[in-house]
Amino acid sequence: MTLWEELNYRGLVKDVAGEDIGKKLDNEKISFYWGTDPTADSLHIGHYSSLVTAKRLANAGHKPILLVGGATGLIGDPRPTAEREIISYEKLNENKEKLKKQVKKLVGENVEVVDNYDWTKEFDYITFLRDIGKYINVNYMLNKDIIARRLESGITYAEFSYTLIQGNDFLHLFENKNCSMQVAGSDQWGNITTGIDLIRKKTGKEAYGFTMPLVLDANGNKFGKSEGNALWLDIEKTSSYELYQYLINASDELVEDYLKIFTFFTKEEIENIMKKHLEHPELRTAQKTLGHEIVKDIHGLEEANRAVKISEALFSGNVKDLTEKEINDVFKGAPSIEIEGEMTLLDLLVNNNIASSRREAREFLSAGSITINGDKFQDESQMITKDLAIGGHTMIIRRGKKKQFVVKFK
């Protein structure tokens, strides 16, 4: 397959500006850019398809430029329903430096990172209106989906102007970096075409762009989002296990699409993975392969193997082989209990609300519903000591199939 054929096979092309964009990508070496506003100190898994696509283009010999929006981040791309919160200059600068490091690690050191604040700060208001605003019709802007969807609820002039600033970014990179193509998620189509129109009107030359479909989960939510909480690419914010666990729970209907979008497996390799998966879907071969491959790409092979180890230990119930750090990563959302000294198992269950009464505690024990670090305990007089704890400090008590408690000795 040619590069353009591969991008289409993987479902990475939605909107296209420029009839011969495929020929340019297949036969020339061009500079392209994609952008992100530094509104957080880490990218999340929702950004990952853009990063992987940029790496595909870079591997084919094209020059990647990441635009970190120091200027646009101060305004905010229009959200579907409400204004974005204003971020401070200090926080913005902190975030910029962290994102630069993240992208270079994931895409490669050959990525050129630029900041649109560097050239936007030079505009005074009148010059911006004359040199940029004069070329873009208001009716044209109102028809942009990203703006039109906010007209009923209201949009400030600041966010209304965002597309002009981003259009100027493309113009600046076109004139100063020989950058002729922009790549982004489909929600950025209006901003891409503003830049292309501005370039045409001001220089008489053609620029190009294409968007990628937004990657959604089985519920139609943006990929990597869970009730508004992002899965961060920073391992200190989202552990490799958490990321792996999310990916191995991908639906059977979507896992093949995810393998195409997020991995570098060939068409033949993906077909073989899916063939094995469909023969025994209960083994979740495709999801496990997806999870391991993405965690390996983001955090390295050691972290990917570690995530698999933790997942298998939890599935088997044998957590004794996990380190305290791994336990803390996995069970950070579970109720945590601190105890001091020795006590009977019955007292531990009742005094710490693992059971509501001594009678209920005995019922759990007689039914074999209580495990400590994966081992079943039924003797209510069993003494709970540090000898039972992992590292002499931590125990995982499971009540039934789902309820878990982290017990730590002081």
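Since every read-out is calculated from the coordinates, none of them should be taken as a lab result. Remember, it's a predicted structure, so these values are computed and weren't measured experimentally. So basically every Cβ, Gly included, is an ideal-geometry build from the backbone, and we count neighbours across all protein chains shown.
Report, please, the projected area of the chain averaged over directions, based on the convex hull of its C-alpha atoms, in nm². Before the final figure, lay out the partial values.
Working: hull surface 96.4 nm².
Computing the convex hull of the Cα atoms and averaging its projections yields 24.1 nm².
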Contact order normalised by residue count of the chain, Cα under 8 Å, 6+ apart, percent: 15 percent
Local net charge near residue 270, Cβ-Cβ under 14 Å (Lys/Arg +1, Asp/Glu -1): -2
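Which entries of 63/267; 101/144; 98/237; 320/402 show an alpha-carbon separation above 21 angstrom in the structure shown?
Numbers: 63/267 25 Å; 101/144 33 Å; 98/237 13 Å; 320/402 18 Å.
Table pairs above 21 Å Cα-Cα are 63/267; 101/144.
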For the range 237-325, alpha-carbon Rg and Dmax in angstrom: 13.3, 41
Principal axis dimensions, largest first and in whole angstrom, of the range 38-77 by Cα: 34, 20, 16
Nitroxide proxy distance, nm - points 7 Å out along Cα→Cβ at residue 282 and residue 151: 5.6 nm
The range 101-173: GluC sites (Glu not before Pro) in DSSP coil with no more than 15 other Cβ atoms inside 10 Å: 109, 122, 152
From the C-alpha gyration tensor of the range 148-307, square roots of 5λ in Å: 37, 19, 16
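Which GluC sites (Glu not before Pro) does the range 264-356 hold that lie in a coil by DSSP with at most 16 other beta carbons within 10 Å?
340, 342
When DSSP beta bridges are limited to those with both residues in the range 121-244, what percentage is antiparallel, rounded to the nearest 5?
40 percent
Going down the list 260/309; 296/376; 275/309; 29/222; 91/410; 14/100, which pairs span over 30 Å between their C-alpha atoms?
On the way: 260/309 25 Å; 296/376 35 Å; 275/309 25 Å; 29/222 32 Å; 91/410 37 Å; 14/100 27 Å.
As for pairs spanning more than 30 Å Cα to Cα, those are 296/376; 29/222; 91/410.
Mind checking the full-extension length gain between residue 104 and residue 31? Use 0.36 nm per residue of separation minus the Cα-Cα distance, one decimal, nm.
Details: separation 73, 0.36 × 73 = 26.28 nm, distance 1.64 nm.
Going from the current span to full extension adds 24.6 nm.
Out of all DSSP beta bridges in the chain, what portion is antiparallel? Express it as a percent rounded to 5. Each step should come with its number before you reach the end.
Numbers: 20 of 42 bridges.
For the chain, the DSSP antiparallel bridge percentage is about 50.
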The range 163-227: GluC sites (Glu not before Pro) in DSSP coil with no more than 12 other Cβ atoms inside 10 Å: 227
Cut-off 15 Å between beta-carbons: net charge of the residues surrounding residue 381, Lys and Arg +1, Asp and Glu -1: -2
Diffusion constant of the range 290-410 at 10 °C, which comes from Stokes-Einstein with the Kirkwood Cα-pair radius and 1.306 mPa s, µm²/s: 104 µm²/s
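Please pull out the direction-averaged projected area of the range 4-147, using the convex hull of its alpha-carbon atoms, in nm² to one decimal place. Can you show the working numbers first?
Values: hull surface 41.7 nm².
Projected area, direction-averaged: 10.4 nm².
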Net lengthening on full extension, residue 186/residue 205 (0.36 nm per residue, minus Cα-Cα): 4.5 nm
Förster radius 51 Å - calculated FRET efficiency between residue 58 and residue 375, Cβ distance, rounded to 0.05: 0.50
For the range 271-326 versus the range 379-410, the gap between their alpha-carbon centres in whole angstrom: 26 Å
All-pairs alpha carbon distance profile, the range 105-232, 5 Å steps from 0, percent: 2, 9, 16, 19, 19, 16, 10, 7, 2, 0
